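The values are calculated or read from the model by the stated rules, or taken from the named source; none is laboratory data. Here the structure is a predicted model, which means the values were calculated and not measured. Cβ placement follows ideal geometry from the backbone for every residue including glycine, while neighbour counts extend to all protein chains displayed. Remember, those area values only see protein heavy atoms, side chains included, never the ligands or the DNA or RNA. Shrake-Rupley method; radii C 1.70, N 1.55, O 1.52, S 1.80 Å.
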Amino acid sequence: MKTKIAIIGGGPAGLSAAYFLSLMGHSVTIFERQEKLGGMLRYGIPEYRFPKARLDEDINAILSTGNITVEYNSKVGDSISVADVRNSFDAMFVAIGAQKGKTLRMDGNDAGNVVSAVDILDRIGHGDIPDYTGKTVVVIGGGNVAMDVTRTAKRLGAKTVKCVYRRRQVDMTAQVEEVEGAIAEGCDIVPLMAPVRVEKDENNQAIALVVQPQIPGEYDRGRPKPVNANRPEEKIPCDMIIAAIGQEIDSLPFSEEGVPTKWNNILSDKFCMIEGMDGVFAGGDCRSGPSTAIRAIEAGKTAAGN
């Protein structure tokens, strides 16, 4: 039976679901808040890692299946309500992704030149390329996003780029080749330094990141916890600070409509079904938290099959 299905979010999970549902003959409408599809593949991964022309080829192949309509610049929960979407379709798949960057929780985090890695990559994804020529940049974080902005800052002309991480380099969650690539390009990895506060000048601009030296402690889930080394704090001078300390899901519009959430993640089972809400599914980063594109694609396929 042909059904009308709404997909909220045109990232890898949403596109995957749309593709398989379209092949099954269903009528699919994607609600995408941006002006282009791709989600974090377009607005979160730098061009040098994933050329957008290649992404567009895949997206065009998906749309060519013929049963997919896209509503661009349409943020569900803002320009259109969650209730309206749910009531207008036979089923709804929530695949909104994790497109909010976490903010630093320390003194000085309100400095004008302290920015989120997610915001920087989003800005670049929209074609607004900043100029870091001659700047000293400090990145905070140890994941793939931290490596993305570290290497991107160097490509944008930064004089020096230091990636500060509170654990050992070997404990970084970023792919080893990304870390090695950053080092090969002239970026510095500064391990075992825990950020303490941002030092600002009279114009509310960050001039240094104050850090506390750490040492490896007891192991917890495969990695040693960082422990205060009982050494004096150090200052890392900088012209700007980029925080790459994680991403969050903006699930509030959905929780307000009764969709169950926990820590901003939408609760659904392994089949992407939401208990007590027939025809409502959720998958990808909004369910699992920030993860890989391939897992989001898997979630979209799973949702389509159920």
| Based on the alpha carbon coordinates of the chain, what radius of gyration and maximum Cα-Cα distance (Dmax) apply, in Å? | 21.0, 69
| said: I want to verify a result. In a Gaussian network model of the chain, Cα cutoff 10 Å, which of these has the top mean-square fluctuation: MET277, MET193, MET92? | reply: MET277
| message | Net charge within 11 Å of ALA208 by Cβ-Cβ distance, Lys/Arg positive one each and Asp/Glu negative one each, not counting ALA208 itself? | response | -2
| note | With every protein chain in place, the accessible area of ASP239 for a 1.4 Å probe, in Å² rounded to the nearest 10, comes to 70
| field | Percent breakdown of C-alpha pair distances by 5 Å bin, ordered from the shortest bin, for region 29-168 | value | 2, 8, 15, 18, 17, 13, 11, 8, 5, 3, 1
| note | Any residue on another chain or 5+ positions along whose placed amide H is under 5 Å from the amide H of THR261 is listed here as LEU267
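Rounded to whole Å and sorted largest first, what semi-axes of the equivalent ellipsoid does the C-alpha gyration tensor of region 139-281 yield via the square root of 5 times each eigenvalue? Intermediate results must be reported in sequence, preceding the final value.
On the way: eigenvalues 237, 74, 61 Å².
Working from the Cα gyration tensor, I get semi-axes of 34, 19, 17 Å.
Using only DSSP helix segments of four residues or longer, with each worth -39500 (n - 2.57), what per-residue ellipticity at 222 nm results for the chain after dividing by its residue count and rounding to 500? Working shown, then result.
Values: 10 runs with 85 residues, N = 306.
The per-residue figure over the chain is -7500 deg cm²/dmol.
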| Proximal charge balance of ASN73 [Cβ under 9 Å; K/R count +1, D/E count -1] | -1
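For region 212-306, what is the relative contact order in percent, using Cα pairs closer than 8 Å and at least 6 residues apart in sequence? Please report the intermediate quantities before stating the final value.
Values: 109 pairs, mean separation 16.5, N = 95.
Dividing the mean separation by the residue count of region 212-306 yields 17 percent.
Just to be sure I understand: of the beta bridges DSSP finds with both ends in the chain, what percent are antiparallel, rounded to 5? Before the final figure, lay out the partial values.
Working: 21 of 53 bridges.
Antiparallel: roughly 40 percent of the beta bridges in the chain.
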| note | Using alpha carbon centers only, region 71-95 is separated from region 114-177 by a whole-angstrom value of 34
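Using only alpha carbon pairs under 8 Å that are at least six residues apart, calculate the relative contact order of region 251-304 and give it in whole percent. Let's see the in-between values first.
On the way: 63 pairs, mean separation 14.9, N = 54.
Once normalised by length, the contact order is 28 percent.
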| said: Cut-off under 18 Å on the C-alpha distance; same-chain residues fewer than 8 positions from LYS75 excluded. Which aspartates and glutamates are left, in chain and number order? | reply: GLU32, GLU35, ASP84, ASP119, ASP122, GLU248, ASP250, GLU256, GLU257, ASP285
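Taking every pair of Cα atoms in region 108-182, average 1/r, invert it to obtain the Kirkwood radius, and report Rg/Rh to two decimals. Walk me through the numbers on the way to the answer.
Working: Rg = 12.3 Å, Rh = 12.9 Å.
For region 108-182, the value is 0.96.
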| Which of ASP188, ASP220, ASP285 moves most in a GNM of the chain, Cα contacts under 10 Å? | ASP220
| request: Enter the accessible area per residue of region 28-135 (Å², integer; probe 1.4 Å; all protein chains in place). | output: 49
| query | For region 182-306, what number of Lys pairs, 8 or more residues apart or on separate chains, have alpha-carbon atoms under 28 Å from each other? | reply | 6
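Lys and Arg at +1, Asp and Glu at -1: add these up for the other residues within a Cβ distance under 13 Å of LEU121 and post the number.
Values: positive: ARG42, ARG49, LYS52, LYS100, ARG123, ARG151, ARG155; negative: GLU47, ASP119, ASP122, ASP128, ASP148.
For residues surrounding LEU121, the net value is +2.
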| field | Within a Gaussian network of the chain (alpha carbon springs, distance under 10 Å), most fluctuating of PHE50, PHE31, PHE281 | value | PHE50
